[in-house]
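> Pasting a structure here, questions to come.
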Amino acid sequence: MNAKVGVVVFPGSNCDHDAYYAFKEIIKTDTKFLWHKDGSIGDRNIIILPGGFSYGDYLRCGAISRFSNIMQDVVRFANNGGIVIGICNGFQILCESGLLPGTLMRNVDLKFICKTVSLKVENNKSIFTSNYGIKEDINIPIAHGDGNYFCDEDTLTDLISNNRILFRYNDNPNGSIYDIAGIQNEKRNVLGMMPHPERVSDSTLGSTDGLKLLRGVAESVL
Amino acid sequence: MFTAKIKVTLRKTILDPQGKTIEHSLHSMGYDKISYTRIGKYIEMKIDVNSIEEATVIVNESCKRLLSNPVMEDYEFEIIQNGAA
């Protein structure tokens, strides 16, 4: 396997080790942590922005992380077609950095929600979802207070008509527009999603619904 | 030296669940004349430049790039010269 995964660690990241474990110990690919102060992603060819509360979620979730040293190089990498996956707080960072459109607002009921939810795979013709069936229902946990995806109408039309929505909630937990749980960018090399695939990657924990995503991405690197 | 007083608010078209919750509470306290309650952020900062024009440019850029998210928020600010009466 030629995947070289870099898991970015911000102050306040807390799903970095889960993502590292899934790639390193389960998928068994070359995986390293990248510190937020690093100016370069080095030889990594898949970048993971993990879940957590980077910079304490101060100001807005992801707002400060987007100006960290490592993100300047992640943006350059993504703009050149490099694979970037933002999970939860990582999704928020991708929106703040402009790599994905829209934003993630406070959950509509104001509660932090931590539970497994049912998602529908909306599009399985992406490097992120190729291991799923079309319209397949999968169960992946969420854990967020700000997962209420919002964008303007033009953006939503673009997301729908260009098949950029990869995952939708079957039972919308947070108020997201069009039940959106995960989207990809126009070039289809950047994925942002609120649910945590790394938390359902080890069969001893009961499910591997998320492993299919991470393995698919790792195997897409030739 | 100047002081900037910045207000960041959710855009008017966006639902503000925190504002709604507070408004319900105020109504239950008897303040039933209150409507359209919105929550925002207030940011104050000092800027060490010589003219109000320079300060305005800095504050505007800061608001656009970091302090607000144009997808969901608007901002407004006033700049006061320190030491002025």
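Only the coordinates and a few stated rules stand behind these numbers; no lab work does. Quick caveat: nothing in here was measured; it's all calculated off a predicted structure. When we count neighbours, we look across all protein chains shown, and the Cβ atoms used for this are built from the backbone with ideal geometry, even at glycine.
> Looking at the structure I just gave you, is A:Leu59 farther than 19 Å from A:Ile127 by Cα, surrounded by fewer than 21 Cβ atoms within 10 Å (Cβ to Cβ) and among the hydrophobic types (A, V, I, L, M, F, W, C)?
Yes: the conditions hold for A:Leu59.
> Hey, could you check the range A:175-187 for residues that are out of contact with any Lys or Arg (no Cβ under 8 Å at 6 or more places or on another chain) and surrounded by fewer than 24 Cβ atoms within 10 Å (Cβ to Cβ) and say which is farthest from A:Gly98 (Cα to Cα)?
Within the range A:175-187, the subset out of contact with any Lys or Arg (no Cβ under 8 Å at 6 or more places or on another chain) is A:175-177, A:182, A:187.
Pick out the ones that are also surrounded by fewer than 24 Cβ atoms within 10 Å (Cβ to Cβ) and you get A:175-177, A:187.
Numbers: A:Gly175: 22, A:Ser176: 19, A:Ile177: 19, A:Lys187: 13 Å.
Ranking the qualifying residues of the range A:175-187, first place goes to A:Gly175.
> Go through the range B:44-83 residue by residue and tally those that are over 24 Å from A:Thr103 (Cβ atoms) and either within 13 Å of chain A (Cβ to nearest Cβ) or not in a helix (DSSP H, G or I) (or both).
The qualifying residues number 13.
> So which of A:Gly39, A:Gly51, A:Gly81 ends up being under 14 Å from the mean Cα position of the chain (by Cα) and either away from chain B (no Cβ under 14 Å) or crowded, with 16+ Cβ neighbours inside 10 Å (or both)?
On the way: A:Gly39 fails: under 14 Å from the mean Cα position of the chain (by Cα); A:Gly81 fails: under 14 Å from the mean Cα position of the chain (by Cα).
It is A:Gly51.
> Could you grab the pairs with beta carbons closer than 6 Å, sequence gap of 6+ or different chains, first residue in the range B:13-31 and under 15 Å from A:Met105 (Cα atoms), second one not hydrophobic (A, V, I, L, M, F, W, C)?
These pairs meet every condition: B:Asp16/B:Arg38; B:Gly19/B:Thr37; B:Gly19/B:Arg38.
> Further, regarding this structure: Among the numbered conditions (1) surrounded by 13 or more Cβ atoms within 10 Å (Cβ to Cβ); (2) over 29 Å from A:Asn148 (Cβ atoms); (3) over 15 Å from the mean Cα position of the chain (by Cα), tell me where B:Ile79 comes up short.
The number of the failed condition is (3).
> Additional query: Could you tell me whether A:Phe128 is in contact (Cβ under 8 Å) with a residue 12 or more places away in the chain, within 14 Å of chain B (Cβ to nearest Cβ) and of a type in the set (Phe, Trp, Tyr)?
no
> Still on this structure, please answer the following. Quick one: in the range A:104-161, of everything that is of a type in the set (Gly, Ala, Ser) and touching a strand residue (DSSP E or B) at 6+ places or on another chain (Cβ under 8 Å), which residue is surrounded by the most Cβ atoms within 10 Å (Cβ to Cβ)?
The residue in question is A:Gly147.
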